[in-house]
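The values are calculated or read from the model by the stated rules, or taken from the named source; none is laboratory data. All values reported here derive from a predicted model rather than from experimental measurement. In this analysis, Cβ positions are derived from the backbone assuming ideal geometry, glycine residues included, and neighbour counts consider all displayed protein chains. Quick note on the areas: whole protein, heavy atoms, side chains included, nothing else; ligands and nucleic acids left out. Shrake-Rupley method; radii C 1.70, N 1.55, O 1.52, S 1.80 Å.
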Amino acid sequence: MSLYVETRIRAGMDELWERSQDPAQHQRWDLRFTSIGYLPRAEGEPQRFRYATRVLPFLSVDGTGVSAGERHRPDGTRVSALRFASEHPLSLLAEGSGYWRYVPGPDGIRFLTGYDYRPRWGRFGALADRLVFRPLMGWATAWSFDRLRLWCERGTTPRLALARAIGESTLRVVLSVAALAYAPLPAALLVPAAALLLPPLPGTPAARRCLRTPPGRTPARAPRLLSTLEPS
């Protein structure tokens, strides 16, 4: 049940690398994190980091991780790998690992990720993860990847992309409620259905634009780089 998300981004490799590897830029577009910061390290060692996710206005869940990247590979691709863990008592996620691949092509860069984790809280945690948390994490990853794509391709800043998503979602809800309250029955059913099924506008992030399974449904393999990282 590992998670997989892929998109295609028409941008320069260096630009995409910086916006996904630099913590200050990464935390701007990735819905899964509120803050990401590197910890001090010695030359030649993997990079350790600390992350936090705000789950309520005054409550954040934090954790630590270790990452490494290969920026120059013979085939022109790039890859990064990481391991992460959280000791926060409210974190369903106990520990996990994942990777990002950057694969250039004639019509853009295939930017993809695969990751998995171990939930805590025993059987209850496993059930909550399967029914709620894991689908939510998959959606948040895909939505964030499309948000990054819009930033790279259109110059739409992550803040503006979020504002557009909130505004469009609010408008769809308002129109649906108004139709159910005041419109004849056919329209009352048609408007909510259209609001639910029609894709977001081109400038609004949408998780549905990303692949959620590897092409050809062949299992994705983690890079060798991941095996060189010790647990965080």
* **All positions within segment 163-208 that are over 18 Å from the mean Cα position of the chain (by Cα), modelled with pLDDT of 95 or more and of a type in the set (Ser, Thr, Tyr)** => Ser169, Thr170
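From the list Ser80, Ser97, exactly one residue is touching a residue at least 60 places away in the same chain (Cβ under 8 Å) and within 26 Å of Ala126 (Cα to Cα). Which is it? Walk me through how you get there before you give the answer.
On the way: Ser80 fails: within 26 Å of Ala126 (Cα to Cα).
That would be Ser97, the only listed residue that is touching a residue at least 60 places away in the same chain (Cβ under 8 Å) and within 26 Å of Ala126 (Cα to Cα).
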* Structure fact -> When restricted to Thr170, Thr141, the only residue in a helix (DSSP H, G or I), under 25 Å from Val55 (Cβ atoms), open to solvent by 60 Å² or more (accessible area, probe 1.4 Å) and of a type in the set (S, T, N, Q) is Thr170
* Could you tell me which numbered condition Leu112 fails, if it satisfies all but one of (1) hydrophobic (A, V, I, L, M, F, W, C); (2) buried (at least 17 other Cβ atoms within 10 Å of the Cβ); (3) not in a strand (DSSP E or B)? => (3)
* **Residue in segment 180-195 that is outside any helix (DSSP H, G or I) and open to solvent by 20 Å² or more (accessible area, probe 1.4 Å) present** => yes
* **Flag if Pro119 is open to solvent by 20 Å² or more (accessible area, probe 1.4 Å) and free of Cβ contacts under 8 Å to residues at least 12 places away in the same chain** => no
* **Filter result for the condition that a residue is modelled with pLDDT of 95 or more, buried (at least 20 other Cβ atoms within 10 Å of the Cβ) and either in a helix (DSSP H, G or I) or among the aliphatic types (A, V, I, L, M) (or both), over Leu160, Leu150** => Leu150
* Asked: Is there any pair linking a residue in segment 1-23 that is under 22 Å from Ala207 (Cβ atoms) to one that is crowded, with 16+ Cβ neighbours inside 10 Å and aromatic (Phe, Trp, Tyr), with Cβ under 6 Å and at least six apart or on different chains, and which?
  -> Leu3/Tyr115; Val5/Phe145; Thr7/Phe111; Thr7/Phe145; Ile9/Phe111
* **Per-region count, segment 187-214, residues within 19 Å of Asp116 (Cβ to Cβ) and free of Cβ contacts under 8 Å to residues at least 12 places away in the same chain** => 0
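Tell me whether segment 84-94 contains one or more residues that are more than 21 Å from Leu59 (Cβ to Cβ), among the charged types (D, E, K, R) and out of contact with any Phe, Trp or Tyr (no Cβ under 6 Å at 6 or more places or on another chain).
So in segment 84-94, the residues more than 21 Å from Leu59 (Cβ to Cβ) come out as none.
No, there is no match, as no residue in segment 84-94 is more than 21 Å from Leu59 (Cβ to Cβ), among the charged types (D, E, K, R) and out of contact with any Phe, Trp or Tyr (no Cβ under 6 Å at 6 or more places or on another chain).
Please enumerate the residues belonging to segment 197-226 that are out of contact with any helix residue (DSSP H, G or I) (no Cβ under 8 Å at 6 or more places or on another chain), in a helix (DSSP H, G or I) and at negative phi.
If we filter segment 197-226 for residues that are out of contact with any helix residue (DSSP H, G or I) (no Cβ under 8 Å at 6 or more places or on another chain), which is where we start, we get 197-198, 202, 211, 213-226.
Okay, now just the ones that are also in a helix (DSSP H, G or I), so 197, 215-217, 224-226.
If the condition is that a residue be out of contact with any helix residue (DSSP H, G or I) (no Cβ under 8 Å at 6 or more places or on another chain), in a helix (DSSP H, G or I) and at negative phi, then Leu197, Pro215, Arg224, Leu225, Leu226 are the ones that fit.
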* Ile36: within 28 Å of Gly155 (Cα to Cα), touching a residue at least 12 places away in the same chain (Cβ under 8 Å) and in contact with a Cys (Cβ under 9 Å, 6 or more places away or on another chain), yes or no? -> no
* To do: Go through (1) at pLDDT below 95; (2) touching a strand residue (DSSP E or B) at 6+ places or on another chain (Cβ under 8 Å) and name the single condition Leu16 misses.
  => (1)
